[in-house]
1. Could you go through region 143-151 in sequence order and give the Karplus-derived ³J(HN,Hα) for each residue, using 6.51 cos²θ - 1.76 cosθ + 1.60 with θ = phi - 60°, rounded to whole Hz, and x for Gly and Pro?
2. Just to confirm the number: angle between the C-alpha axis of helix 4-41 and the first principal axis of the chain, 0 to 90 degrees, nearest 10?
3. Taking Cα atoms, how many degrees apart are the long axis of helix 66-77 and the longest axis of the chain, rounded to 10 and kept between 0 and 90?
4. Can you sort F110, F230, F205 by 1.4 Å-probe accessible area, starting with the largest?
5. If you average the alpha carbon positions of region 260-318 and of region 25-39, how far apart do those two centres end up, in angstrom?
6. Can you tell me the orientation of helix 300-329 relative to the chain, as the angle in degrees between its alpha-carbon axis and the longest Cα principal axis, to the nearest 10?
7. Place a +1 charge on the Cβ of each Lys and Arg in region 202-330 and a -1 charge on the Cβ of each Asp and Glu, then give the dipole magnitude about the Cα centre in debye, rounded to the nearest 20.
8. So for W208, W293, what's the accessible-area order with a 1.4 Å probe, most first?
Amino acid sequence: MEEGEPGQLKRAVIDGTSGLISGAISRTVTSPLDVIKIRFQVQLEPTTTFTLLSKNVYGPSKYTGMIQASKDIFREEGLTGFWRGNVPALLMVMPYTAIQFMVLHQVKTFASGSSKSDHIQLSPYLSFMSGALAGCAATVGSYPFDLIRTILASQGEPKIYPNMRSAFVDIMKTRGFRGLYAGLSPTLVEIIPYAGLQFGTYDTFKRWTMAWNARRSSDLTPNEESLSSFQLLVCGLAAGSCAKAVCHPLDVVKKRFQIEGLQRHPRYGARVETRAYRNMYDALKRISQNEGWAGLYKGIVPSIVKAAPAGAVTFVAYEYTSDWVESILT
């Protein structure tokens, strides 16, 4: 047992460091799309011209499309507006991805009883469960930063909170410690299928690609080493897109809980009032009733556009960073 402990510790350091670095790279690269997505998700008015014409529930919409939203944010807030809230986003995503990959490896090792090289042989069911458990652990550990990031990214101009500290102080004053975990329930309900699908489909796509490579090279044994960086990128892109498409409505609900009661300039439209929704089920019902089914998919376009490169960059950066860190430690 003693001989195995240094190896486990080293593996945890490799997975944690690799997850941290890959998460930071991915979040910074995709921040503009994330800001646009959040603006759509917290907007009560319709976010497409078609919905605006067919069901004008709340009045004029601030944002009605990705291009229009991009132009508005750039004109009113400058280039830095697209990276609003990126500091708490990094403080959230770095521990999130570090915890996620550490837990993921430990669960996979436990499930397979083998080293990293054999994890690709895990069944889709075990890959799904491993990803779900890793996602839950990472979410609970980093959630307050996610909440503050959403608030800073959604407030627009003029700012209600000039920085992360002022947002944190006001949340503690008005909502208490529980306020830092507002929307945690739909997040955990979302993260189980999301992380499970993301990692489960990623492993599945890798297996399919390895089998395809083996057939092309007439090699009887599929080999993980045969995967090119482009193939890893495509696998990560497909995995991120599939997961986002399925779980997006719960992400909308989470964002609504996170920013309830937030004061914003009237030009951004109606705000989400304090205690607007009793619980997750009530939020899903009210959003679909008041805003139509399209309301549950507000921000889906920038979300999918963001999820693809985010998933691809995260997985590719993780694979290469993991090899790099492992070479340093060995």
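The values are calculated or read from the model by the stated rules, or taken from the named source; none is laboratory data. Source: prediction; values computed, not measured. Note that each Cβ is placed from the backbone with ideal geometry, even for glycine, and that neighbours are counted across all protein chains shown. These area figures cover heavy atoms from the full protein model, side chains too; ligands, DNA and RNA do not enter into them. Shrake-Rupley method; radii C 1.70, N 1.55, O 1.52, S 1.80 Å.
1. 4, x, 5, 5, 5, 5, 4, 4, 4
2. Rounded to the nearest ten degrees, it is 30.
3. That helix lies at roughly 70 degrees to the long axis.
4. Values: F110 180, F230 135, F205 45 Å².
I get F110, F230, F205, largest accessible area first.
5. Cα centroid to Cα centroid, the span is 14 Å.
6. 40
7. 980
8. Details: W208 160, W293 185 Å².
Descending order: W293, W208.
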